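The values are calculated or read from the model by the stated rules, or taken from the named source; none is laboratory data. From a predicted model like this one, the values you see are computed outputs, not experimental measurements. A quick note on method: Cβ atoms are made from the backbone with ideal geometry, for glycine too, and the neighbour counts reach across all protein chains shown.
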Amino acid sequence: MALKKKDLLGIDYLERAEIEEIISTAESFKEVSTRDIKKVPALRGRTIVNLFFEPSTRTRTSFELAAKRLSADIINISSSTSSVVKGETLLDTARNIEAMNSDMIIVRHSMSGAPMILAKALKSSVINAGDGAHEHPSQALLDLFTMKERLGKVEGLNIAIIGDIAHSRVARSNILCLNKMGANVRICGPATLIPAEIGKMGAKVYSRPEDAIDGADVIMMLRIQMERQKSGLFPGVREYSRFFGLSAERVRLAKKGVLIMHPGPINRGVEISPEVADGPYSVILDQVTNGVAVRMAIIYLLTEGRGAA
Amino acid sequence: MTLIIKGGRVIDPASGIDKAQDIYIDGDRIVRPPKNNKKPAGAEVIDAKGLIVAPGLVDMHCHLREPGFEYKEDITSGTRAAAAGGFTTICCMPNTSPVNDSRSVTEFIIAQAKKAGFCKALPIGAITKGSMGAELAEMGEMAEAGCIGFSDDGKPVANAEIMRHALEYAKTFGRTIISHCEEPSLSAGGVMNEGAVSTRLGLRGIPSAAEEVMVARDISLARLTGARLHIAHVSTAGSVELIRRAKAEGINVTAETCPHYFTLTDEGVMSYNTYLKVNPPLRTEADRKAIIRGLSDDTLDVIATDHAPHAASEKDVEFDLAPFGISGLETALALAMALAHSGLIPMVELLKKLTVNPALALGMAPPSLAPGSPADIVLIDPEMEKTVRPEMLLSKGKNTAFSGLVLKGWPIMTIREGKKIESKP
């Protein structure tokens, strides 16, 4: 069991078999987190660096716990404390870190493609923990894990992703991942938040959430960022919420037993009503729990693949 | 008689000549062959068998970076690269530091190029002071000092009224306005073509409309003012169509494109290769084909390099942070030759877009190989194949977008004012 690549940069660069391998490995790791002693010795002596150029609590913590439960040493570097503010380039920062013999660098960056620069230049494995509006592969994998756990399979299912698709790396990674797994992906949002030619990535575009939700097995809501209002992409929260928010009425249009997902952090009452977020169909917190297992699998399989563990 | 170029295929786009012929040079001029065709004593003979002999190339759009950005390029290295690329005259854009919006910067550029001795540099002056788009620069005095045209290249003139006045004012001094067409409110923050590739990469796109909106505006202003307008670096099918219609209407407009727009597409950016980051951005295959059609039906008059050298350290960063631009002086001819080799554009027409047409767009005398003309000549080996490698470039800007590409047809000698230019340092 191993991933035969140095880096995990995006779903776009994974084969279906590799995705399945990550999911099945995560299934066996999930149990570790339920033990009293939540640790396996698999990566003892490995050094992993969380290099976060963008604020993040959830993803950073999830990767950190994943590494610790595998017994790796992990340190966190965030942009506010790094030399980036002193004008050092991304490559120089990363080379300096690697000079301390890191085995793996987990990078979050506000600019699309930044992890690719590191992957090309470094000997360490690089995991993309979210780059700009490009990809967030570990999120798509934990979403897939959650769907499979709850529904058994995703092949042939209808999955609606609703919200700001244009600025969302979660949407892109999910569209790519769900397509590779044979699901039907529907996306929905105001046209100002739907990127050009998104259909070519394998998503059907809907203007009305009612149509996107109709008969859906999974509804994935995306966070709407308030600054998009200032750049003229939608008139305001009130109107957005009325036309695109997920209310209990809209949920009723979906299949019975629909899963309600959200990558977090949620804006209660904006893209999702509190009763839906906390309701019986919501698996939002399962996503968070599963995130640790999936990230353990990613870290483990990349290390195995390099014959290092 | 000082120099004889013997046995070459002479292509002189000004007269339409394309035949085997010898060229005789005396001092800095091309002269008539001697009556008895005998070799005059003391003349050096260049064997041009198998070579194309054409007028020295003219690039009406490049960036020499001096003054201010000498770490990217200076006038010596840039004109040397130009000579190596077969150019004998180049026009450099004013986005230096300080901006070339004054007589003193103009005179400095001309003097530096003369001192370097590789190639003639004709400055393009700024349209507005500091290229800030607010007040007209002193175009009259700059024209007097040697500016051959005016442009705020790199920045559009966003205010339509300023652009109108610029066209009118430049007309007074017989100069062309070169417009960098980009509606800034539509392109803001964009780093590549908006389309399927930008969506997949999560990069902010620049829609074709950002260019076309301003092409349409400037054509209307050219119609209004009757002034001479030249559209720089056309990249979209829509722009080509707008220019085609304007020309049919008889509006005084010319247009250029650059080798990267008829060679590459935005698909190449899939690997976040910052060496393909250029403004306007590389577009789609449909645009690329429309550009070639525009060249072949003369909607696009000129092939210009938009040579935009940058330091490696500036390009080896996040895609969003890398500067726009491709180092292009030394690969332009070879890339253009591909259009002739593939039969898309006849060789004479192709060379016209690299010699006569840019000169005419700027109101200069068209270069020619007729007796009496200045002896500015390029010798091209149409069959020579060479792989583009960044380190072979003489420009300080090693930021070629064509690394690894095998191209056929290269300039092998540049003659300016009757002298062979030795560009290799």
Of the conditions (1) in a helix (DSSP H, G or I); (2) closer than 26 Å to residue B:65 by Cβ; (3) touching a residue at least 60 places away in the same chain (Cβ under 8 Å); (4) charged (D, E, K, R), the single one that residue B:330 does not satisfy is (1)
When (1) outside any strand (DSSP E or B); (2) at pLDDT 95 or above are applied to residue B:414, the one that fails is (1)
>> Whether any residue in segment A:199-211 is in a helix (DSSP H, G or I), more than 27 Å from residue A:30 (Cα to Cα) and under 19 Å from the mean Cα position of the chain (by Cα) is what I want to check.
In response: yes
Screening B:203, B:229, B:264 for residues that are assigned by TED's automatic domain parsing to the domain that holds residue B:144 and out of contact with any strand residue (DSSP E or B) (no Cβ under 7 Å at 6 or more places or on another chain) leaves only B:264
Looking across segment A:11-61 at residues that are of a type in the set (Asp, Glu) and either farther than 22 Å from residue A:126 by Cβ or assigned to a helix (DSSP H, G or I) (or both), the single one that is nearest to the chain's Cα centre (by Cα) is A:12
Taking segment B:285-313 and keeping only residues that are touching a Ser or Thr at 6+ places or on another chain (Cβ under 9 Å), closer than 24 Å to residue A:131 by Cβ and touching a residue at least 24 places away in the same chain (Cβ under 8 Å), one is left with B:310
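Identify all residues within segment B:246-257 that are touching a residue at least 12 places away in the same chain (Cβ under 8 Å) and out of contact with any strand residue (DSSP E or B) (no Cβ under 7 Å at 6 or more places or on another chain); write none if there are none.
To start, the set of residues in segment B:246-257 that are touching a residue at least 12 places away in the same chain (Cβ under 8 Å) comprises B:246-247, B:249, B:251-257.
Scanning segment B:246-257 gives B:249, B:251.
Mind listing whichever residues of segment B:80-98 are closer than 14 Å to residue B:126 by Cβ and part of a strand (DSSP E or B)?
The first filter runs over segment B:80-98 and keeps only residues closer than 14 Å to residue B:126 by Cβ, leaving B:91-98.
Selection gives B:91, B:92.
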Consider residue B:188 carefully, then state whether it is of a type in the set (Gly, Ala, Ser), within 30 Å of residue A:201 (Cβ to Cβ) and out of contact with any His (no Cβ under 8 Å at 6 or more places or on another chain).
yes
Could you tell me whether residue B:42 is surrounded by fewer than 24 Cβ atoms within 10 Å (Cβ to Cβ), at positive phi, assigned by TED's automatic domain parsing to the domain that holds residue B:409 and at pLDDT below 95?
yes
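What number of residues in segment B:316-328 are of a type outside the set (Asp, Glu) and within 11 Å of chain A (Cβ to nearest Cβ)?
First, the residues of segment B:316-328 that are of a type outside the set (Asp, Glu): B:317, B:319, B:321-328.
If we keep only those that are within 11 Å of chain A (Cβ to nearest Cβ) too, we end up with B:317, B:319, B:321-322.
Looking only at that region, the number is 4.
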*Is it true that some residue in segment B:213-221 is free of Cβ contacts under 8 Å to residues at least 40 places away in the same chain, among the small types (Gly, Ala, Ser) and within 14 Å of chain A (Cβ to nearest Cβ)?*
no
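So is residue B:268 at positive phi and not β-branched (Val, Ile, Thr) or not?
On the way: at positive phi: no; not β-branched (Val, Ile, Thr): yes.
In short, no.
If I ask for residues that are of a type in the set (D, E, K, R) and part of a loop (DSSP other than H, G, I, E, B), which ones from segment B:264-312 would you list?
Looking only at segment B:264-312, we keep the residues that are of a type in the set (D, E, K, R), and these are B:266-267, B:277, B:283, B:285, B:287-289, B:293, B:297-298, B:301, B:306.
Result: B:277, B:283, B:297, B:298, B:301, B:306.
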The residue from B:232, B:237, B:227, B:210 that alone is within 14 Å of another protein chain (Cβ to nearest Cβ), in contact with a Ser or Thr (Cβ under 9 Å, 6 or more places away or on another chain) and of a type in the set (Gly, Ala, Ser) is B:210
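So is residue A:215 in contact (Cβ under 8 Å) with a residue 40 or more places away in the chain, over 20 Å from residue A:264 (Cβ atoms) and surrounded by fewer than 24 Cβ atoms within 10 Å (Cβ to Cβ) or not? Spell out how you get there, then give the answer.
Values: in contact (Cβ under 8 Å) with a residue 40 or more places away in the chain: yes; over 20 Å from residue A:264 (Cβ atoms): yes; surrounded by fewer than 24 Cβ atoms within 10 Å (Cβ to Cβ): yes.
Here the answer is yes, as residue A:215 does meet what is asked.
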Exactly one of B:77, B:104 is over 19 Å from the mean Cα position of the chain (by Cα), outside any strand (DSSP E or B) and at pLDDT 95 or above, and that one is B:104
For segment B:178-193, the count of residues that are closer than 16 Å to residue B:261 by Cβ and within 11 Å of chain A (Cβ to nearest Cβ) equals 2
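Can you tell me how many residues in segment B:396-411 are assigned to a loop (DSSP other than H, G, I, E, B) and without any contact (Cβ under 8 Å) to a residue 24 or more places away in the chain?
Initial filter on segment B:396-411 (assigned to a loop (DSSP other than H, G, I, E, B)): B:396-405.
Next, only the ones that are without any contact (Cβ under 8 Å) to a residue 24 or more places away in the chain stay: B:404-405.
Counting residues in segment B:396-411 that are assigned to a loop (DSSP other than H, G, I, E, B) and without any contact (Cβ under 8 Å) to a residue 24 or more places away in the chain gives 2.
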Cβ pairs under 8 Å, 6+ apart or interchain, first in segment B:194-205 and more than 7 Å from chain A (Cβ to nearest Cβ), second among the polar types (S, T, N, Q), ordered by first then second residue, are B:204/B:198
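A quick yes/no check of all residues on (1) out of contact with any Asp or Glu (no Cβ under 9 Å at 6 or more places or on another chain); (2) buried (at least 23 other Cβ atoms within 10 Å of the Cβ):
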{"residue": "B:164", "(1), (2)": "yes, no"}
{"residue": "B:185", "(1), (2)": "yes, no"}
{"residue": "B:193", "(1), (2)": "no, yes"}
{"residue": "B:217", "(1), (2)": "no, no"}
{"residue": "B:220", "(1), (2)": "yes, no"}
Screening B:172, B:199, B:225 for residues that are surrounded by fewer than 24 Cβ atoms within 10 Å (Cβ to Cβ) and within 23 Å of residue A:200 (Cα to Cα) leaves only B:199
Picked from segment B:269-309 (must be among the charged types (D, E, K, R) and in contact with a Leu (Cβ under 8 Å, 6 or more places away or on another chain)), the residue farthest from residue A:121 (Cα to Cα) is B:301
Here the residues within segment B:1-52 that are under 14 Å from residue B:418 (Cβ atoms), part of a strand (DSSP E or B) and of a type in the set (D, E, K, R) are B:26, B:29, B:44
